[in-house]
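K.L.:
Sharing a structure below in structure tokens format, with a few things to ask.
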């Protein structure tokens, strides 16, 4: 199975998964590498499922205007602990 089909299959199953329970608070999710091919799709799906404010996209590059307007974005270098600790 190619990587594209594997990602497509896993995102399809995530999209069809039961909606998050409204009884419990939605989780806060940090996506590192969110400007890559998988990260952009994952950010979009998780923001639809858990709410835009609960999913923080991050990368070492600055996002384009469209992605920046969809929800929170932080510059995070995962090799720098201080960079991550400021977000979490």
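Where a number appears in this text, it was derived from the coordinates with a stated rule and is not lab data. Since this is a predicted model, take the numbers as computed values, not measurements. Methodologically, a virtual Cβ is constructed for each residue, glycine included, from the backbone with ideal geometry; neighbour enumeration extends over all protein chains shown.
K.L.:
Out of the residues in the stretch 19-32 that are in contact (Cβ under 8 Å) with a residue 12 or more places away in the chain and either in a helix (DSSP H, G or I) or closer than 20 Å to residue 88 by Cβ (or both), state the one that is farthest from the chain's Cα centre (by Cα). Steps first, answer last, please.
P.N.:
So the first thing to find is which residues in the stretch 19-32 are in contact (Cβ under 8 Å) with a residue 12 or more places away in the chain, and the list is 19-20, 26-32.
Those left that are additionally either in a helix (DSSP H, G or I) or closer than 20 Å to residue 88 by Cβ (or both): 26-32.
On the way: 26: 14, 27: 12, 28: 10, 29: 7, 30: 6, 31: 4, 32: 7 Å.
Per the stated criteria, the residue is 26.
K.L.:
Going through the stretch 33-47 one residue at a time, which ones are surrounded by 13 or more Cβ atoms within 10 Å (Cβ to Cβ) and not in a loop (DSSP other than H, G, I, E, B)?
P.N.:
38, 39, 40, 41, 42, 43, 44, 45, 46, 47
K.L.:
Tell me which residues, restricted to the stretch 52-74, are exposed (fewer than 14 other Cβ atoms within 10 Å of the Cβ) and farther than 19 Å from residue 86 by Cα.
P.N.:
Within the stretch 52-74, the subset exposed (fewer than 14 other Cβ atoms within 10 Å of the Cβ) is 53, 61-62, 64-66, 68-69.
Of everything in the stretch 52-74, those that are exposed (fewer than 14 other Cβ atoms within 10 Å of the Cβ) and farther than 19 Å from residue 86 by Cα turn out to be 64, 65, 66, 69.
K.L.:
Would you point out the residue of the stretch 55-86, among those that are assigned to a helix (DSSP H, G or I) and touching a helix residue (DSSP H, G or I) at 6+ places or on another chain (Cβ under 8 Å), that is farthest from residue 26 (Cα to Cα)?
P.N.:
Out of the qualifying residues, it is 67.
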